Structures are given as C-alpha cells and as structure tokens.
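The values are calculated or read from the model by the stated rules, or taken from the named source; none is laboratory data. In this text the structure is predicted, and so the values were computed from the model without any measurement. FYI the Cβ positions are ideal-geometry reconstructions off the backbone, even for glycines, and counts take in every protein chain you see. Only protein heavy atoms, including side chains, enter the accessible area calculation; ligands, DNA and RNA are left aside. Shrake-Rupley method; radii C 1.70, N 1.55, O 1.52, S 1.80 Å.
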Amino acid sequence: QFNERGPYMRHGIVRTSDAWEVVRTSTDPYPCVVLGLVDSEAARAEFPSSFKLQYSVTLDGPESVSTALTVINPSDEPLTFTTALHTYFACSDVLAARVRGLQGVGYVDSANGGAEATQAIVMNYRRNEPS
C-alpha cells in the first residue's frame, strides 16, 4: 500500500518484513542480487492475499543501477497491490540532481494537501530555466 491510500497499514507489509531471503546472486555479466518474499501467517494478519515477490538489483555499469520487482499471484483469487520503490541515492548537491522523463505525468502532491497535479518540464534550479 502506498502511504495511507488504502485499507492496510501505511507503507504496507513488504517494507518492514524480516522474511526476505536471497534467491540468487550473480556476477556475470553484471553483479546482481535477487531477493524473495512469500506471504506468511504474519503477513496475512496485515494483508489477506497470497503473494510471492522477487526484487532484483543489478549494477549495470559504474553509473547505472537497474531494479525490477516481480509480483506473483499463486492463488485463483484476484490480487490487488500498489508499489512505490524508493532509491535513496546519496546526492552531494541537491540543486544539481535531475529526474527526467516525467513531463506530463499526473501525480498526487502530498506536500500540497493531496492536490492532483501534472508534472511540468524539468527545471535547472541553479539558473531557473528548462534543462
């Protein structure tokens, strides 16, 4: 569950679970780790559906990281879920950071009371101009 937008605990059960296991690791062609999480009695107390997750992180190069989340529904019942993957990359200069490719995408602005908005062009905050 994303934030408080649903009937379950804030941020859901996956973020705080201590049941993650290493499914596999590899070094060729790139370093990669795949983590797995399967529903349990403890998980069912917070989230009533059966599920299996796999989360992979791959170092594609000196300046590139790829992540993938696979959600598997092992039952015949519908599975409804949401995700929000946070990177938390260290940044020595926040004014130099850029996120590209989201222009025109709608979002809910939690910092503005939940107002709906559309992402504008990316700004170069040092010069206050489009970049």
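A compact table of results
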item: Contact order normalised by residue count of the chain, Cα under 8 Å, 6+ apart, percent; result: 14
item: Karplus-derived 3J(HN,Hα), 6.51/-1.76/1.60, for each residue of the range 49-61, Hz, glycine and proline x; result: 9, 7, 7, 9, 10, 10, 10, 10, 10, 10, 8, 7, x
item: For the chain, accessible area per residue (1.4 Å probe, heavy atoms of protein chains only), Å²; result: 77
item: Estimated vicinal HN-Hα couplings, Hz - the range 96-109 in sequence order (Karplus 6.51, -1.76, 1.60; Gly, Pro = x); result: 9, 6, 9, 10, 10, x, 10, 4, x, 7, x, 7, 9, 8
item: DSSP beta bridges in the chain [antiparallel fraction, %, rounded to 5]; result: 100
item: Alpha-carbon spread of the range 1-69, three principal axes, descending order, Å; result: 41, 23, 16
item: Accessible-area ranking of Glu116, Glu46, Glu21, largest first, probe 1.4 Å; result: Glu116, Glu21, Glu46
item: Neighbour net charge for Pro48 - beta-carbon separation under 10 angstrom, K R +1, D E -1; result: -2
item: Binned Cα-Cα distances of the range 68-114, short to long, each 5 Å bin given as a whole percent; result: 4, 10, 13, 19, 20, 13, 10, 6, 3, 1
item: Accessible surface of the chain [probe 1.4 Å, protein heavy atoms]: carbon and sulfur percent; result: 53
item: Dipole of the chain, positive end: most advanced residue of Val65, Leu102, Thr83 [Cβ charges, Cα centre]; result: Leu102
item: Relative contact order of the range 8-76, pairs being alpha-carbon contacts under 8 Å that are 6 or more residues apart, as %; result: 25
item: Convex hull projection area averaged over all views, the chain, Cα basis, nm²; result: 11.1
item: Dipole moment magnitude, nearest 20 debye, the chain about Cα centre, only Lys, Arg, Asp, Glu C-beta charged; result: 380
